[in-house]
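Chemist: Please find one structure pasted underneath; my questions will follow.
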Amino acid sequence: MNKINPTNQQNNMAFVKSKDTRPEMIVRKGLWMRGFRYRLNHKRLPGHPDLVLRKYRTCIFVNGCFWHGHLVEIDKMESSQCCRLPNLNRDFWIAKIRRNKERDKKEQSKLAEMGWHCITVWECELTPKRRVSTLESISFTLNHIWLQDHKAATIFSPEQEEKRI
């Protein structure tokens with residue numbers, strides 16, 4: 001097993017970016033090619049979503065499997081298929097990932113209260129084998145949201161229907 005001393009590991013972790021990551025760029029490029037326009041890291045919304053599609057009232061979070069504990073239950077905190085918890089300083093990482101998961105949940109509930117839809121895209125869903133289906137799924141979901149929101153706006157109450165006729 002490859003052992004890294006704590007100083008080198010700290011330097012490696014310091015270089016991990018939070019914006020313009022490879023998974024985020026894949027989603028951005030895929031949505032742009034499909035005709036969706038968005039804003040990046042909207043500062044006024046809780047959690048500063050990676051992508052904000054105002055027309056669809058939708059926020060997209062592109063999460064790294066490790067940093068956000070994909071498929072890891074908060075109670076058990078055991079490694080999953082795509083999120084391997086490190087053995088070195090394990091208690092620190094478990095606490096950090098637990099805080100990240102709880103913060104993500106609170107931010108998305110705040111966005112839902114404000115009337116925003118939230119989509120979470122995981123890093124493992126953007127592997128070359130799964131990338132196209134994931135992007136098509138996001139596109140389908142966005143179109144469904146738009147149709148659902150606009151269909152509700154065109155349905156008239158019985159009183160409004162009488163006035164229209």
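Chemist: Below 10 angstrom from the Cβ of residue 70, what's the summed charge of the other residues (Lys, Arg +1; Asp, Glu -1)?
Modeler: -1
Chemist: Share of the range 68-111's accessible area from carbon and sulfur, percent, 1.4 Å?
Modeler: 46
Chemist: Another question, then. Any idea what the relative contact order of the range 39-84 is, in percent, if you count C-alpha pairs under 8 Å spaced at least 6 apart?
Modeler: Rounded, it is 23 percent for the range 39-84.
Chemist: Projecting each Cα onto the charge dipole of the range 84-139 (Lys/Arg +1, Asp/Glu -1 at the beta carbon, about the Cα centre), which of 100, 135, 87 comes out farthest on the positive side?
Modeler: 87
Chemist: Would you mind getting the accessible area per residue of the range 56-121, heavy atoms of the protein chains only, 1.4 Å probe, in Å²?
Modeler: Accessible area per residue: 59 Å².
Chemist: Would you pull out the residues with amide H under 5 Å of residue 117's amide H, same chain only if 5 or more places away, H placed 1.01 Å from N?
Modeler: 58, 59
Chemist: Stick to the Cα atoms of the range 44-123, pair each with every other, and give me the Kirkwood hydrodynamic radius in Å at one decimal.
Modeler: Value: 13.4 Å, from the Cα pair sum.
Chemist: Now a separate question. Heavy atoms only, probe 1.4 angstrom, no DNA, RNA or ligands counted: give me 44, 37, 131, 54 ranked by accessible area, highest first.
Modeler: 44, 54, 37, 131
The values are calculated or read from the model by the stated rules, or taken from the named source; none is laboratory data. These numbers were taken from a predicted model, which means no experiment stands behind them. Ideal geometry is used to build each Cβ from the backbone, glycine not excepted, and the neighbour counts take in all protein chains shown. Each accessible area value is taken on the protein alone, full model and side chains, heavy atoms only, with ligands, DNA and RNA left out. Shrake-Rupley method; radii C 1.70, N 1.55, O 1.52, S 1.80 Å.
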